[in-house]
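Below you'll find the structure, written out as structure tokens, and then a few comments.
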Amino acid sequence: MQNPITKNQLFDTFSSVDSMKIPHINQQEYLVDGEFKAWNGPFKEIDSAICKPNSTDGLERISLGEIPKTGLPEAFECLESSEKAYDNGFGEWPMMSVEKRIFHVEKFVGEMINLRTEVVNLLMWEIGKSEKDSEKEFDRTIKYIYDTIESLKKLERKSASFTIEEGVIGQVRRSPLGVTLCIGPYNYPLNETYTLLIPALIMGNVVLFKPPKHGCLLHYSLSKAIQKSFPKGVVNYLYGKGSEIIQPLMNTGKINVLTLIGSSKVASDIKKAHPKVNRLRAILGLDAKNPAIVLENANLENAVDECVLGSLSFNGQRCTALKILYVHENIKEEFLKKFCEKVDALKFGMPWDEKVQITPLPEADKFKYLNDCISDAEAKGGHIINKNGGVQNGSLFFPAVIYPVKDGMKLFREEQFGPLVPIVSFTDLQEPIDYMITSNYGQQVSIFGTDTKEISHLIDGLVNQVSRVNINVQCQRGPDTFPFTGRKDSAEGTLSVYDALRSFSIRTVVATKENKENKAIINKIVTDEESSFLSTKFIF
Ligand code: G3H
């Protein structure tokens with residue numbers, strides 16, 4: 001049996017930083033109204049997830065540069081530009097034909113592909129994501145954009161005709177909603193942000209974009225591609241403290257759509273700041289505490305492998321991560337043994353290390369929270385049961401498996417969003433069911449088992465508790481054509497390549513009475529291609 005890993009081993013892992021070229025970006029401008037405006041005010045320092053040894057034999061986070069710390073006047077300047085670009089629906093962008101909007105998005109994606117190396121590198125340095133996963137995030141995003149274009153073309157083709165019902169001629173299409181405030185998350189700062197921003201844009205909305213707090217420098221590079229690809233004011237970049245600028249922006253009542261991936265508390269506070277909340281469309285990906293239910297007859301090898309992946313990919317920093325494991329009492333011992341062995345064997349290191357699985361965490365204050373969760377569980381009878389669990393140094397935290405976890409512990413209900421795996425054992429199937437019924441969250445569940453009757457019973461009840469039931473596999477968002485949503489405090493609206501196009505638009509009809517004069521008017525508009533909306537043009 002191998003010895004437990006030590007703090008010193010974690011320390012040594014950071015030494016490979018010396019041989020790397022560290023990116024450094026001093027962003028002294030921001031994109032507003034189609035121009036990069038120089039910023040002469042205060043700046044916010046951006047630290048890496050990765051540390052380097054310091055003069056006192058400790059580790060400190062590496063500085064990657066700075067971004068403007070703009071304030072309220074700049075936020076309002078961005079809002080004004082967005083309003084101008086939308087111009088109450090009469091702006092160039094919302095009135096543009098879908099075909100032309102697609103042309104702009106294609107131009108952008110072409111520019112974006114050229115930035116792959118830079119963006120992947122920044123993903124590694126800013127949020128500590130492994131090179132392989134950073135590349136995957138980039139490539140998945142490119143595919144998402146192309147799939148979005150194809151999906152929109154299909155949608156448009158279906159709308160390229162008129163309907164005549166009860167003497168009324170009508171054409172139904174989808175129209176934009178207006179000024180969209182878009183805030184992305186730090187764990188997928190590129191992919192999840194763009195799964196909001198791109199469908200919002202392509203449907204004709206204009207976007208006020210606030211880059212995530214970690215993973216913001218990569219958006220500076222991308223903002224240059226945005227500037228080259230879209231008409232001015234269609235995307236404006238917000239910097240500065242969210243807590244200082246977002247509420248005043250909402251208070252104006254001029255934001256029509258709020259889209260973010262983040263916490264339900266933040267989302268609900270932002271929504272409440274809108275003076276006419278019924279006018280606000282919200283498309284939100286929020287908190288989750290997805291359970292795994294490992295049944296007595298589960299294929300144990302598979303359940304262990306999927307639960308390790310599901311709970312600890314990207315250090316557990318996924319909204320879809322398995323955040324609590326319910327394991328049947330009769331297989332508990334074997335499951336725990338195998339699970340801990342697999343967790344302890346996870347390879348820790350730097351994002352560029354080959355096959356690395358556990359990497360540095362971007363949030364400086366996260367260790368305190370993780371350690372608080374562990375102390376709280378220990379004070380209430382739980383233990384770290386894997387030999388390397390909780391070893392930490394610099395920004396590396398080796399995953400801790402905690403058992404037995406019970407109601408009343410922080411880890412029982414709180415979304416840890418990090419490398420802690422709480423495990424509960426159960427004898428009566430009603431226990432995990434009741435856990436889910438009483439949970440504030442309803443995103444997904446993973447069921448591991450082989451008894452089809454038991455699985456069917458769980459499927460039929462749990463589809464009414466969560467939005468995706470996974471059988472013998474971890475929880476996840478992909479494939480991106482599948483709907484991604486949740487019940488309770490886990491989401492509002494639905495995302496997927498197709499659903500996002502619907503979420504960021506509204507069905508709208510142009511209708512007239514079926515008579516000779518109106519038919520002539522419509523025929524002329526369509527034949528001479530006088531309108532973008534009223535059209536039978538078939539997009540190829
Ligand atoms: O953070 C939540 C992401 O949507 C998870 O996506 O399941 O593909 O990792 P994923």
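The values are calculated or read from the model by the stated rules, or taken from the named source; none is laboratory data. Just so it is clear, the structure is predicted and the values come from calculations on it, not from any experiment. Cβ placement follows ideal geometry from the backbone for every residue including glycine, while neighbour counts extend to all protein chains displayed.
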Residues of segment 461-475 classified as more than 11 Å from the ligand (Cβ to nearest atom), more than 11 Å from PRO291 (Cβ to Cβ) and polar (S, T, N, Q), total = 3
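Could you run through segment 448-467 and say how many residues are farther than 18 Å from SER490 by Cβ and not in a loop (DSSP other than H, G, I, E, B)?
Adding up the residues that qualify gives 10.
What residue, of THR485, THR450, is closer than 20 Å to TYR188 by Cβ and either polar (S, T, N, Q) or touching a residue at least 40 places away in the same chain (Cβ under 8 Å) (or both)? Quick ask: steps written out before the conclusion?
Details: THR450 fails: closer than 20 Å to TYR188 by Cβ.
THR485 is the lone residue from the list that is closer than 20 Å to TYR188 by Cβ and either polar (S, T, N, Q) or touching a residue at least 40 places away in the same chain (Cβ under 8 Å) (or both).
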inquiry  = Out of everything in segment 476-493 that is under 21 Å from TYR144 (Cβ atoms) and either assigned to a helix (DSSP H, G or I) or in contact with a helix residue (DSSP H, G or I) (Cβ under 6 Å, 6 or more places away or on another chain) (or both), what residue ends up being nearest to the ligand (Cβ to nearest atom)?
reply    = ASP480
task = Out of the residues in segment 308-338 that are away from the ligand (no atom under 12 Å from the Cβ) and among the charged types (D, E, K, R), state the one that is nearest to the chain's Cα centre (by Cα).
result = LYS338
ask   = Residues in segment 29-65 that are charged (D, E, K, R) and closer than 27 Å to PRO351 by Cβ: how many?
value = 7
ask   = Hey, any hits in segment 194-214 for a residue that's touching a helix residue (DSSP H, G or I) at 6+ places or on another chain (Cβ under 8 Å), assigned to a helix (DSSP H, G or I) and among the hydroxyl-bearing types (Ser, Thr, Tyr)?
value = yes
Some residue of segment 271-283 being of a type in the set (Gly, Ala, Ser) and either within 12 Å of the ligand (Cβ to nearest atom) or under 18 Å from the mean Cα position of the chain (by Cα) (or both) = yes
query = Would segment 120-129 turn up any residue that is within 16 Å of the ligand (Cβ to nearest atom), part of a loop (DSSP other than H, G, I, E, B) and under 23 Å from the mean Cα position of the chain (by Cα)?
reply = yes
message = Would you confirm, using the coordinates I've provided, whether GLY34 is surrounded by 16 or more Cβ atoms within 10 Å (Cβ to Cβ) and within 25 Å of ASN236 (Cβ to Cβ)?
response = yes
Test: ILE437 is surrounded by 14 or more Cβ atoms within 10 Å (Cβ to Cβ), under 30 Å from SER496 (Cα atoms), modelled with pLDDT of 95 or more and out of contact with any Cys (no Cβ under 7 Å at 6 or more places or on another chain) = no
ask   = Going through segment 382-418 one residue at a time, which ones are of a type in the set (Ser, Thr, Tyr) and within 20 Å of ALA49 (Cβ to Cβ)?
value = SER395
Selection from segment 243-280 of residues that are free of Cβ contacts under 8 Å to residues at least 60 places away in the same chain and small (Gly, Ala, Ser) = SER243, GLY253, SER263, SER268, ALA273
key: Among the residues listed as LYS7, LYS37, LYS84, the single one being modelled with pLDDT of 95 or more and under 23 Å from PRO212 (Cα atoms)   = LYS37
key: First in segment 73-85 and charged (D, E, K, R) and surrounded by 18 or more Cβ atoms within 10 Å (Cβ to Cβ), second anywhere and modelled with pLDDT under 95 and part of a helix (DSSP H, G or I), Cβ under 8 Å, 6 or more apart   = none
request  = Would you tally the residues in segment 143-193 being within 16 Å of the ligand (Cβ to nearest atom), at pLDDT 95 or above and assigned to a loop (DSSP other than H, G, I, E, B)?
outcome  = 6
task = For residues that are more than 30 Å from ASN205 (Cβ to Cβ) and within 15 Å of the ligand (Cβ to nearest atom), tally how many sit in segment 284-307.
result = 5
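Could you pull out every one of the helices (runs of 4 or more DSSP H) wholly within segment 281-399 that has 3 or more residues that are touching a residue at least 24 places away in the same chain (Cβ under 8 Å) and among the basic types (Lys, Arg)? Write out each step before concluding.
Values: elements: 300-312, 329-344, 366-379.
So the answer is 329-344.
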